[in-house]
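For reference, the structure is listed below as structure tokens.
The values are calculated or read from the model by the stated rules, or taken from the named source; none is laboratory data. What you see is a predicted model, and the numbers here were worked out from it, not measured in a lab. Note that each Cβ is placed from the backbone with ideal geometry, even for glycine, and that neighbours are counted across all protein chains shown.
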Amino acid sequence: MKYEDEFMADTFWKRPVTLVRGKGTKVWDSTGKEYIDCGCGYGVALLGHCHPRVVDAIRRQTEKILTCHGSFYNDAREECLSKLAKIKPEGTDKVFLSNTGAETVETAIKLCRKYTKKRGIVAMVNGYHGKTMGALSLTWASKYREPFMPLLSDVKFAPYGKAEKLEGAIDDNTGAVFVEPIQGEGGINVPPHDYLRQVREICDNKGLIMVLDEVQSGFGRTGKIWAHQHFGIKPDILCSSKALGGGMPIGATFARADIMDSLRRGEHSNTFGGNPLACAACTGAIDAILEDGLVENAAKMGEFIKKRFGELDTKMIREVRGLGLMIGIDMRFEIMDIILEALEKGVIVLESGKTVVRLLPPLTITEQEAEKVFQVVSDSIRTVEKKRTAGA
Ligand SMILES: Cc1ncc(COP(=O)(O)O)c(C=O)c1O
């Protein structure tokens, strides 16, 4: 891959595989080798690859119009919005369309500043919100932040999952709290059940905006359309992207009407947000998620996979955690070798931090495929364990 190696910016850690095709839970490389994809492009291919409803919607749209700026009305956008209105998080009334997860977070940051007229934001230790300058300011890991300092001022971090520590990070300058209902990049961390409700209460008492970043946890991944629904709360703003376009880039920032209406025309816009092609794909994706029973399957298969890993007799696993098909296997050692071993054996898995093997399989995964994933990953764990013991 001459140009990817020599011409493209060298900012991705690359696996030694060239993927050329995908269908459902599977992808194939340039040699024809098949993989079960439990990475899904870091959570994008939640419906499986090339879902027929999405492909069909894109194909039909390509025959009509590809681009239509937000300064014109468009029928594909209208249809997509009508579908988004059906799944919008309770408590939100309006949406701003964009293209990536980080862009949804940038939108949320601007909304918070505009509405509250305050600059202070509290984000969470181990949180991840993207790598553009605003989103990066709310992202915890110093390896991402430090080369780009100074970032947004007035951002403080509170320990995740400990509501009692949140108040200490809030001052008169604070306007908003940003939190992931389940931390994805930070290690698949599921907070204590009461945590988000307590954060909600603190935000209400202090007049702060509660922003939920569901870029990774949203759109059915955890066994409910939105992960926060497991915890019985309503956000003021919610960020969604990754899987929402069925594989096409789209971002949606949902907000309470009074918050969204604080933006005047021209104060926030983009060229591609709400483009007909992404909108058509998103319409197909929402139809699939609502009509194919996939969210229920996420809950069922998630339990199955967690149970199988929980039964493994090894001291090397610290914990198996997650909700639905957002699963982390926390190991007692660094896991890159496990990822490469599983890849070799035909299963794509992700990292989450240094010690967590992350599984984000498509919601279409069958029990038979889930069992194969378990067999391959547990085998890979054993192989790496043996190598480590032999080398020690
Ligand atoms: C919770 C969360 N927010 C934001 C982002 C940034 O999304 P993107 O990479 O599309 O900018 C991610 C990406 O992993 C994420 O997991």
### Task
Give the residues of the range 331-363 that are surrounded by 20 or more Cβ atoms within 10 Å (Cβ to Cβ) and among the small types (Gly, Ala, Ser), sorted by residue number.
Ala342, Ser352
### Query
Would you say Tyr160 is within 16 Å of the ligand (Cβ to nearest atom), in contact with a Pro (Cβ under 9 Å, 6 or more places away or on another chain) and hydroxyl-bearing (Ser, Thr, Tyr)?
yes
### Task
Can you tell me which residue among Leu81, Leu97, Leu111 is more than 21 Å from Phe157 (Cα to Cα), touching a Ser or Thr at 6+ places or on another chain (Cβ under 9 Å) and among the hydrophobic types (A, V, I, L, M, F, W, C)?
Leu97
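A quick yes/no check of all residues on (1) modelled with pLDDT under 95; (2) in the same structural domain as Gln216 (by TED's automatic domain parsing); (3) surrounded by fewer than 21 Cβ atoms within 10 Å (Cβ to Cβ):
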| position | (1), (2), (3) |
| --- | --- |
| Val20 | no, no, yes |
| Asp29 | no, no, yes |
| Asp37 | no, no, no |
| Ala57 | no, yes, no |
| Ile65 | no, yes, yes |
| Phe72 | no, yes, yes |
### Query
Which of (1) touching a Cys at 6+ places or on another chain (Cβ under 6 Å); (2) surrounded by fewer than 20 Cβ atoms within 10 Å (Cβ to Cβ) is the odd one out, the single condition Lys83 does not satisfy?
(1)
### Message
Are there helices (runs of 4 or more DSSP H) fully within the range 216-323 with at least 2 residues that are of a type in the set (Asp, Glu)? List them.
### Response
276-291, 294-310
### Message
Could you check the range 324-345 and list, in sequence order, the residues that are closer than 18 Å to Gly43 by Cα and in a loop (DSSP other than H, G, I, E, B)?
### Response
Gly324, Leu325
### Task
Count, please, the residues in the range 96-119 that happen to be away from the ligand (no atom under 15 Å from the Cβ) and surrounded by fewer than 22 Cβ atoms within 10 Å (Cβ to Cβ).
8
### Qualifying residue in the range 189-211 (condition: over 18 Å from the mean Cα position of the chain (by Cα), touching a residue at least 40 places away in the same chain (Cβ under 8 Å), in the same structural domain as Ser241 (by TED's automatic domain parsing) and assigned to a strand (DSSP E or B))
yes
